[in-house]
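Read the structure below first, then the notes.
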Amino acid sequence: PLPIPGGPDRAPAVTAACHAPGPTGDSGCLVAGAADGSAHVWALRTLEHRRALRPGGGGSVLALADAGLGRLASGCEDGCIRVWALHEGAETDPRPSQALIGHAGAVGSLASGGPGPGDVGWLFSGAADASLHVWDMRSG
C-alpha cells in the first residue's frame, strides 16, 4: 500500500482516489483525496509521492476526476470544486488554478467525459444539495 505522508499515526483517512493523465503522456498519476482536505499525487510509473494539494478550508476531499488539459478536479465538503494543474512545474504552486462554485452542498461525485471517444471536455458533478452540474472544461 502507498501511505499518505504524515506517518501511520497522523495520516488522514483516504476518501477518494482516481487516475489522472500525466503531463507528458506517460502512465499518469494516482491521486488520493483525504479527510483532512488534502489530496496526494503519486507518479504511477514509479509510485513516487510527487505533490500534496492543500486547498485550505474545504473540508474532506470527497471526489476526484480528470478535468482534461492536464488538470485534476477535487470535490469537497464545502460545495466547491477545485481544479489543479498537474503539468510539469506546477508542483511548486500550492493553490488551485480554478474554483468552480455552484453547489450548495458537499460535492460527493465527479466524472469527466464528452460527446466523442476519449473526450474529457466536460466535468459532471453531483452534490448533497440534490443537484447535478455540467461544467465546460474545454477553455482551460
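Just subtract the alpha-carbon distance of residue 111 and residue 50 from 0.36 nm times their residue separation and send over the number in nm, one decimal.
Stretched out fully, the residue 111 to residue 50 stretch lengthens by 19.6 nm.
Along Cα→Cβ, 7 Å out, is where each label goes; now give me the distance between the ones at residue 13 and residue 101 in nm to one decimal.
Rounded to a tenth, the inter-label distance reads 3.0 nm.
Does the range 29-82 come out rounded, prolate or oblate by the C-alpha gyration tensor, with a ≥ b ≥ c the root eigenvalues, rounded set by a/c under 1.5 and, if not, prolate when a/b is larger than b/c and oblate if not?
On the way: a/c = 2.50, a/b = 1.53, b/c = 1.64.
Oblate.
To the nearest 20 debye, what charge dipole does the chain have about its Cα centre, counting +1 at the Cβ of each Lys and Arg and -1 at the Cβ of each Asp and Glu?
Here the chain has a charge dipole of around 120 debye.
Skip the ligands, DNA and RNA, and give the accessible area per residue of the chain with a 1.4 Å probe, whole Å².
Numbers: 6980 Å² over 140 residues.
Using a 1.4 Å probe on heavy atoms only, each residue of the chain averages 50 Å².
The values are calculated or read from the model by the stated rules, or taken from the named source; none is laboratory data. All figures in this text were calculated on a predicted structure; none of them were measured in a lab. We place every Cβ from the backbone using ideal geometry, glycine too, and count neighbours over all the protein chains shown. Accessible surface is based on the protein model in full, side chains and every heavy atom, while ligands, DNA and RNA are left aside. Shrake-Rupley method; radii C 1.70, N 1.55, O 1.52, S 1.80 Å.
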